[in-house]
Amino acid sequence: MITSLVIVRYKKQFIPLALISMAIHRLPLALNKKCSFWKLLGSGKNGTFDLRPDWQQWGLLSVWESTEALQEFQQKSVISKWWRHFTCEKLNIICSVISSHGKWSGEEPFQAAQEMTQHNGPVAVLTRATIRLNRLKNFWQNVSPVAAVMNNAQGFIASIGIGEAPVYKQATFSIWASMDDLKAFAYRSVEHSEVIKKTRLENWYSEELFARFKIISIEGTLNGKKIDLDL
């Protein structure tokens, strides 16, 4: 199975069309039998969880039965034609699953044929959660310190803040130079470790998912910058 994350930036005059697309693009995705899972996503101002939406930047995360099915979508779909006409920037990341734990909307969308125990090269990480309404304050109070540490961590390359809904359905897609760099941040960063403990003790999330991916290809730019990887 192939996972695709597309981040597009709309021209300012087309922001209303970006909002409309969140509704009308559901139909072609729902009817595409080669796509097993999809989420239309908004985006935060910064590269991680953010209360401030970026009204120009939007995304689509999707899972496909094959590379050919994804290519067909990218070349022929109504959604791709819409993007070509109304957007001014696009980042296209294609991945395969290394491992995945947890659920998204009650599903386990990222199924690896066999969990990889070894992976050399850049790795992408998706962290998403539905935050309990009575834990929103706890969650948002802890976002900034962890984001600051991540941005300065060894091997950190880029991150994208995305979400299904403002405030309580949030996700971060981050890219790292290696699995070792990712693990060093995840397990040896004091700030990150403390937040993970709090999520468990205070039961912040009603649903969560953590997935790691091997990056197959990355094309385009994000906020005017190209993400260069040695793939």
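In table form, for the structure just shown:
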{"read-out": "Percent carbon-and-sulfur accessible area, the range 87-150, ignoring ligands, DNA and RNA, probe 1.4 Å", "value": "47 percent"}
{"read-out": "Unit charges on C-beta of K, R, D, E only; dipole of the range 1-88, Debye", "value": "280 debye"}
{"read-out": "Charge dipole magnitude, Cβ of K and R +1, D and E -1 - the chain, Cα centre, debye nearest 20", "value": "680 debye"}
{"read-out": "Amide H partners (placed H, <5 Å) of GLN56, local residues excluded", "value": "none"}
{"read-out": "Selection from LEU126, SER21, LEU40, by position along the positive dipole direction of the chain (Cβ)", "value": "SER21"}
{"read-out": "Calculated from backbone phi, Karplus (6.51, -1.76, 1.60) coupling profile of the range 203-216 in Hz, x at Gly/Pro", "value": "6, 5, 10, 8, 7, 8, 8, 9, 9, 10, 9, 8, 7, 7"}
{"read-out": "Amide proton proximity set for ILE216, modelled H, under 5 Å, gap of 5+", "value": "ILE94, CYS95, SER96"}
{"read-out": "All-pairs alpha carbon distance profile, the range 1-62, 10 Å steps from 0, percent", "value": "21, 49, 27, 4"}
{"read-out": "³J(HN,Hα), Karplus 6.51/-1.76/1.60, whole Hz, each residue of the range 28-38, x for Gly, Pro", "value": "x, 5, 5, 7, 7, 6, 8, 9, 8, 7, 7"}
{"read-out": "Dipole of the range 94-231, positive end: most advanced residue of ALA186, ALA147, LEU201 [Cβ charges, Cα centre]", "value": "LEU201"}
{"read-out": "Prolate/oblate/rounded call for the range 27-140, Cα gyration tensor, a/c under 1.5 rounded", "value": "oblate"}
{"read-out": "Lys, Arg +1 and Asp, Glu -1 on Cβ, resulting dipole of the range 173-231 about Cα centre, debye, nearest 20", "value": "80 debye"}
{"read-out": "The chain: relative contact order as a whole-number percent, Cα under 8 Å and 6+ apart", "value": "28 percent"}
{"read-out": "Cα-based shape type of the range 36-98, given that a ≥ b ≥ c are square roots of the gyration tensor eigenvalues and the cut on a/c is 1.5", "value": "oblate"}
{"read-out": "Sites LYS225 and VAL78 - FRET efficiency at Förster radius 41 Å, r taken between beta-carbons, to 0.05", "value": "0.90"}
{"read-out": "Long-range HN-HN contacts of SER178 with modeled amide H, under 5 Å", "value": "VAL123"}
{"read-out": "Out-of-range pairs (alpha-carbon distance over 27 Å; input LYS11/LYS103; LYS33/LYS90; LYS169/LYS198; LYS81/LYS183)", "value": "LYS11/LYS103; LYS81/LYS183"}
{"read-out": "1.4 Å probe accessible area per residue over the chain, in Å²", "value": "52 Å²"}
{"read-out": "Entry for Kirkwood radius over Cα pairs in Å (calculated from the structure that is shown) out of [x] 18.1; [y] 20.5; [z] 18.9", "value": "[x]"}
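The values are calculated or read from the model by the stated rules, or taken from the named source; none is laboratory data. Here the structure is a predicted model, which is why all the values come from computation and not from measurement. Virtual Cβ from ideal backbone geometry, glycine too; neighbours counted across all protein chains shown. Quick note on the areas: whole protein, heavy atoms, side chains included, nothing else; ligands and nucleic acids left out. Shrake-Rupley method; radii C 1.70, N 1.55, O 1.52, S 1.80 Å.
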